[in-house]
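The values are calculated or read from the model by the stated rules, or taken from the named source; none is laboratory data. Note that the structure is a prediction, hence the values are computed from the model and not measured. Positions of Cβ are generated from backbone atoms using ideal geometry, with glycine treated the same way; all protein chains shown enter the neighbour counts.
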Ligand SMILES: [Cu+2]
């Protein structure tokens, strides 16, 4: 019973997030990176009238491709494939963001990118920037773009045509070569979409809640064992001298807590050189006083060691059920910390 409950709690805590690092990671149609690296961050001029910040799409699966709107061969096919894949995904497509970075900043203004991309799917976002900015991004991703200028001054680019698949955590997980159809994208996107929907903050909260559940179960289910049933209090040597010197003495707490069947023997020892009224008793030097309590109760004793003139011994019931064990351990912890 105990073990089963444990497993249930741990299982629930872990199942809250299907992580990508599982042993049985399903195979991708695309090439897979292991371990994946974080997708290099970039902020470019966006086609939607605001900066294109790759970071903003954390939590979504990003398809990142490079190209240019005047491209006649590769880009239209790639973008059409993305659009088809998104349609095939249905509602799940909300979790997919297509990001298209131009290699042709001269012609690809934000407005032109918006029009071009919108003809495939209005949710696609494009990025442009200065030649240096774009070159930097290409360098970080390992993308090439070679310009060819013709006699009539027109030009075209040969550019890398693969697509980066970036997971919800912002890591480059896979690289889809040019030529794969929408089915393959749907296949791989489905894997990535199933992964942890949670952002980092949420993951931390879930981890804390999970760990707390495990800890609480341990606190509740583990029987309390006691090495000794004695709760010992001592008057150390020199106490009387300290008191005579006017120093505050605090040896006994106002309330002594005992637990029936667990820690239920009160032991008082006078190690000082003079007799002491200690708890419920007058004790000679070197004398001990042992008093067992066998049932839950509360006792009030006159005690000159307390400013109030009295002290209370509370004998709690044995923490037999899980909730009682939680309460008992919480109190024990609180007393240990104070
Ligand atoms: Cu192209």
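Test of understanding: among 179, 126, which residue is under 26 Å from residue 29 (Cβ atoms), within 14 Å of the ligand (Cβ to nearest atom) and assigned to a strand (DSSP E or B)?
Checking each option against the conditions leaves just 126.
Counting only strands (runs of 3 or more DSSP E) wholly contained in the stretch 22-71, the ones carrying 3 or more residues that are more than 16 Å from the ligand (Cβ to nearest atom) occupy 31-38, 43-46. Number of residues in the stretch 240-253 that are under 17 Å from residue 269 (Cα atoms) and outside any helix (DSSP H, G or I) equals 5. Only one entry in 163, 146 is within 16 Å of the ligand (Cβ to nearest atom) and closer than 27 Å to residue 94 by Cβ, namely 163. Beta carbons closer than 6 Å, at least 6 apart along the sequence or on distinct chains, pair a first residue in the stretch 102-118 that is assigned by TED's automatic domain parsing to the domain that holds residue 131 and under 18 Å from residue 135 (Cβ atoms) with a second that is more than 13 Å from the ligand (Cβ to nearest atom) and outside any helix (DSSP H, G or I) for 102/128; 105/128; 108/128; 113/47. The set of residues in the stretch 212-249 being over 43 Å from the mean Cα position of the chain (by Cα) and free of Cβ contacts under 8 Å to residues at least 12 places away in the same chain consists of 241, 242, 243, 244, 245, 246, 247, 248.
Scanning the stretch 88-100 for residues that are touching a residue at least 40 places away in the same chain (Cβ under 8 Å) and not in a strand (DSSP E or B), which turns out surrounded by the most Cβ atoms within 10 Å (Cβ to Cβ)? Only one residue tops the list, namely 89. Somewhere in the stretch 214-232, is a residue touching a helix residue (DSSP H, G or I) at 6+ places or on another chain (Cβ under 8 Å), more than 18 Å from residue 321 (Cβ to Cβ) and not assigned by TED's automatic domain parsing to the domain that holds residue 318? Among the residues of the stretch 214-232, at least one is touching a helix residue (DSSP H, G or I) at 6+ places or on another chain (Cβ under 8 Å), more than 18 Å from residue 321 (Cβ to Cβ) and not assigned by TED's automatic domain parsing to the domain that holds residue 318, which makes the answer yes. Scanning the stretch 258-275 for residues that are modelled with pLDDT under 85 and touching a helix residue (DSSP H, G or I) at 6+ places or on another chain (Cβ under 7 Å) yields a count of 1. Considering 123, 146, 130, the condition of being out of contact with any helix residue (DSSP H, G or I) (no Cβ under 8 Å at 6 or more places or on another chain), surrounded by fewer than 19 Cβ atoms within 10 Å (Cβ to Cβ) and in contact (Cβ under 8 Å) with a residue 24 or more places away in the chain is satisfied by 130 alone.
Looking only at the stretch 101-113, decide whether some residue is within 16 Å of the ligand (Cβ to nearest atom), part of a strand (DSSP E or B) and on the phi < 0 side of the Ramachandran plot. If you could, list the steps in order and put the result at the bottom.
Restricting attention to the stretch 101-113, the residues satisfying the condition of being within 16 Å of the ligand (Cβ to nearest atom) are 101-108, 112-113.
After this cut, where a residue has to be part of a strand (DSSP E or B) as well, the list is 101-102.
Pick out the ones that are also on the phi < 0 side of the Ramachandran plot and you get 101-102.
Yes, some residue in the stretch 101-113 is within 16 Å of the ligand (Cβ to nearest atom), part of a strand (DSSP E or B) and on the phi < 0 side of the Ramachandran plot.
Scanning the stretch 72-100 for residues that are within 11 Å of the ligand (Cβ to nearest atom) and farther than 25 Å from residue 38 by Cβ returns 72, 73, 74, 75, 76, 77, 79.
Per-residue answers, yes or no, for (1) at pLDDT below 85; (2) surrounded by fewer than 16 Cβ atoms within 10 Å (Cβ to Cβ):
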{"site": "244", "(1), (2)": "yes, yes"}
{"site": "248", "(1), (2)": "yes, yes"}
{"site": "279", "(1), (2)": "yes, no"}
{"site": "284", "(1), (2)": "yes, yes"}
{"site": "296", "(1), (2)": "no, yes"}
{"site": "311", "(1), (2)": "yes, no"}
{"site": "336", "(1), (2)": "yes, yes"}
